[in-house]
Every structure is written in C-alpha cells, then in structure tokens.
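As structure tokens, the structure follows; a few thoughts come after it.
All of the numbers you see were taken from the coordinates with simple rules; none came from a lab. Note that the coordinates shown come from a computational prediction; the quantities given were computed from them, not determined experimentally. Don't worry about glycine lacking a Cβ; one is built from the backbone with ideal geometry, like all the others, and counts go over all protein chains shown.
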Amino acid sequence: MFRRTLLAAVPALFALPAIAHDYTAGDLRIFHPWTRAAGANGNGGGFMRLTNGGAQPDRLISAASPIARVVELHTHLREGDVMRMRPVNDIPIPAGQTVELRPGGVHVMLIGLNAPLQQGTRVPVTLRFERAGEVTVELAVEAAGARAPGHHH
Ligand SMILES: [Cu+2]
C-alpha cells in the first residue's frame, strides 16, 4: 500500500516546477520572470511581477547575471514622440502593492549578452532587494518581440 502511494505521488512531484514558476524572498513574491529571445552581443529585458505582501516598503536595488556583461535597472521616459530607456537607481515596491516589470515600463536590462537567449530555455538573474535580500530567479525565454509571457499558470 505504501509502495503504491509513493509511485502515484512521483509524477505529481515532477510536474510541479513546470507549472509553478514563482519565487519568494522575505515578504516578496516574484511571479513568472521572463525575457525575449535575442542574439549574442545584443541586449535583453527582464520582466516579472513583484508583490510585496509585507508592511514595509522594499526596493529592487540591483541585478546581476552571468549571461550579460552589464545588468542595469531601467525605466522608459517619453522624449517628444519617442520612448527612451533610462537607468534608474532602484525600483520601489511599496508595502502591500504589486509592481509589474514589463516591456515599455520598468525592467531589468541585460546589456551585452554572452550567449543567445533561445526561446524555451531559462536563464538565471540574481535580484538584490534592500530588505528581502538576494534571490536568484530564472527568466523563461519567450519569442522575440513578445509583449507578455506566453505560457499559462
Ligand atoms: Cu532597458
């Protein structure tokens, strides 16, 4: 009876990581980090949803990755008719709120890719938060030009 229960449980355990793609760091939840396919030496964006379930504000203060020579935090600002990216010192995550890192908004910028970002793979990025500390997440690589993550929760 024990043996049968164990065997039945195994497929469910292996299925979990593919379905749930989110992370916890202190009071923060990080939902579905993703990026877009890009060539080596190009640049990439890191996108995700950050929810602060705590009573204290937090901030994303830096990010790092072995896949890029430089990693910055960026926002988009309108200059006349053109949207331009600008580095920012941090991305605030107010207490009890959700911040979306997305194309056209605030994002993690991967500058000078060491290797191509291939659709269907995942690449690591370490996020450093003022309160929650460091957490390494994997960006799911979606199609080039994707406006939103393509897979379902
Ligand atoms: Cu950027």
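Based on alpha-carbon centroids, what's the gap between region 26-48 and region 66-141 in Å, whole number please?
About 6 Å separates the Cα centre of region 26-48 from the one of region 66-141.
Taking H as built 1.01 Å from N, whose amide H comes closer than 5 Å to the amide H of residue 68, not counting residues under 5 places away?
114
Points 7 angstrom from Cα along the Cβ direction at residue 64 and residue 78: gap in nanometres?
According to this spin-label approximation, the distance is 3.8 nm.
State the Kirkwood hydrodynamic radius of region 19-142 in Å, one decimal place, computed from all pairs of distinct Cα atoms.
14.6 Å
Mind giving me the nanometre distance, one decimal, between the label points for residue 40 and residue 147, set 7 Å out from Cα along Cα→Cβ?
Label at residue 40, label at residue 147, 3.3 nm between them.
What nm value, rounded to one decimal, do you get for the distance between residue 98 and residue 56 when each label is placed 7 Å out toward the C-beta?
2.4 nm
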